[in-house]
Structure formats: structure tokens, C-alpha cells
Amino acid sequence: MAYKSVKELLERSRETGKEVWQLIMEEDANDRNVDTSDSFEKMRSMWRAMKASSDSYDPSLKSSSGLSGGDSQKIREYREKCVSGEFMGEVIAEAIGMAESNACMRCIVAAPTAGSCGVIPAVLIPYVRKHNTDEDKIIKGLFVSAGFGQIIAERAFIAGALGGCQAEIGSASAMAAAMLVYLQGGSPRQSASALAFALKSLLGLVCDPVAGLVEVPCVKRNVIGAVNAITSADMALAGIETMIPADEVIDAMREVGISMPSSLRETAEGGLAATPTGIEIAEKMPRLK
């Protein structure tokens, strides 16, 4: 049975003495009626697919709309000059590259959605390069992210059409933050705080895709999701605790999403999609209107 709250997950971890990743792996194995080893290897395949997507990035590709492609390479070439540092430059490049690959119809891992596919790998891939992290540890971190993401999906939503971009990029950012805390040796409680920080920071983010495509501003929003995850994890690891419990933050995201007008929930009728330039772009693509 899926965990209904962060509180329940953390309490279960304390009661059993099992780590969060173990509990989530066991839940997945039970749900799919497979051995835990099969569950672990399935997650390994997800990680390797993320890595393959990154390794195969092609800066020469353009999406069919012409709105996406090549920007990740610009950051890769610029990253040594990044004001935020070279590591953060790699994070930005990975986030854009993965999202551009999605727009170009290449293989990506929806984590938790295709529109937010760049966030978790953008945090994870540069981290692994920097720390030479053992692959099994990476897989465990991904189970942590999946567990917290499952709770967000259970209590609120992860689809932009239901809750705006806070439900997609916000959820991905929260999942990545919780995962990063685990990889850094933090506690489940700190992972929960990191999740809350990340989701709070993107609360109210609208979904306003220009011409109805998951490209503008979606590709670049993967960047803020990744960067937000890192800063949220660092705050939690430093010992800062969220004043609003993670479950209540998730519930607030749900209420904000329900309150959003439909024009700001993936319909391309408001926000940036409704700007003069956004409308002009859409009119050049009549088949997509």
C-alpha cells in the first residue's frame, strides 16, 4: 500500500529500523509482485537510461517547432565562467540538455513527468561526477526520491494540467532535494525538510506552455527546479528545519493548484502563452492551436 504521508513514511522507518529506500523498494516489489532484487535492478535501469540520455545529447538537434535545441551546449562551453561556479554550470547544462532532448523526441526518463525530466538528472549526474558515487548508492537515492514523489502524487498531483508547473517542476525539485540529502548522509527528517523547502519555493508556479508545447518556458524551468533542489538540500543539511511540515506543504500545493484558473494549467491560454510574442509563435504553428 502506498504511503499516504511523509510522517507515516518516517515513522515506519523509525519503527522498523529500515532506511527509506528499503521501504520504498519493498513497496514497489509488493505492488509489482516481484523480488526486491528485481525492483532494485529496475531502478538501476532507470539511472542508466538517465545517464545514456545525458551522454547522447546532440547539440545539433532542433525540435520540430524550432523552439528548442543547442542551448545546453552554450552553457557547457560557458560553465567555467559561471558566476554560480562550475559545478552549478554543469547542473544548468544537464537540466537544459535533458529537457531539450525531450523536446526533440529523444529517450528520457519521466521523473516524475516528461516536462520535468531534467531536474533529477541535473542534480544527480554532476554530483556523481564530482563525488564518484557508488552506483548502488545512486539507486538507493533514486528510491528515496521516488518514495517522496509518490506521497506528493498521492496527496496532491504531479501533472501540470491539474496543478500548474508547481506540480511538475515543483515536485521534481522536491524529490531531487530529498534524494540529495540522502546521498550526503542526511537523515530522513532532513530529507523531509529539504522537500518542504523546495516545494515552498515554487509554490504557485503556473503552467503556461507557449503554443501548447513543452518547450517555452518549460525547458528553462528545469534549471530552476534543479538549482532550487540543491539549495534546499543544503539548508536542510545545515540543520535548518521547515516551520511548515512537509505534508502540510504538499497539501498547500494541492489547494493552490485547485485554485488556479484553467488558463494557468497547461491550456496555453494564460501567462507567457498569452503574451504578444507567445501568441505570435502559436499563430505560426496553426496545426498546434
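The values are calculated or read from the model by the stated rules, or taken from the named source; none is laboratory data. Source: prediction; values computed, not measured. Don't worry about glycine lacking a Cβ; one is built from the backbone with ideal geometry, like all the others, and counts go over all protein chains shown.
Tell me, yes or no, whether segment 30-41 has at least one residue that is in a helix (DSSP H, G or I), more than 18 Å from residue 153 (Cβ to Cβ), in contact (Cβ under 8 Å) with a residue 60 or more places away in the chain and not charged (D, E, K, R).
Among the residues of segment 30-41, at least one is in a helix (DSSP H, G or I), more than 18 Å from residue 153 (Cβ to Cβ), in contact (Cβ under 8 Å) with a residue 60 or more places away in the chain and not charged (D, E, K, R), which makes the answer yes.
Do you know which residues across segment 128-153 are of a type in the set (Ser, Thr, Tyr) and buried (at least 24 other Cβ atoms within 10 Å of the Cβ)?
The answer is 145, and nothing else.
Kindly provide the set of residues from segment 1-13 that are in contact (Cβ under 8 Å) with a residue 60 or more places away in the chain and either assigned to a helix (DSSP H, G or I) or more than 21 Å from the chain's Cα centre (by Cα) (or both), ordered by number.
Matches in segment 1-13: 6, 7, 9, 10, 13.
Evaluate the following for residue 224: is it under 17 Å from residue 115 (Cα atoms), at pLDDT 95 or above and touching a Ser or Thr at 6+ places or on another chain (Cβ under 9 Å)?
yes
Please note which helices (runs of 4 or more DSSP H) are completely contained in segment 166-278 and include at least 1 residues that are surrounded by fewer than 24 Cβ atoms within 10 Å (Cβ to Cβ) and of a type in the set (S, T, N, Q).
By residue number, 188-201, 218-237, 246-259.
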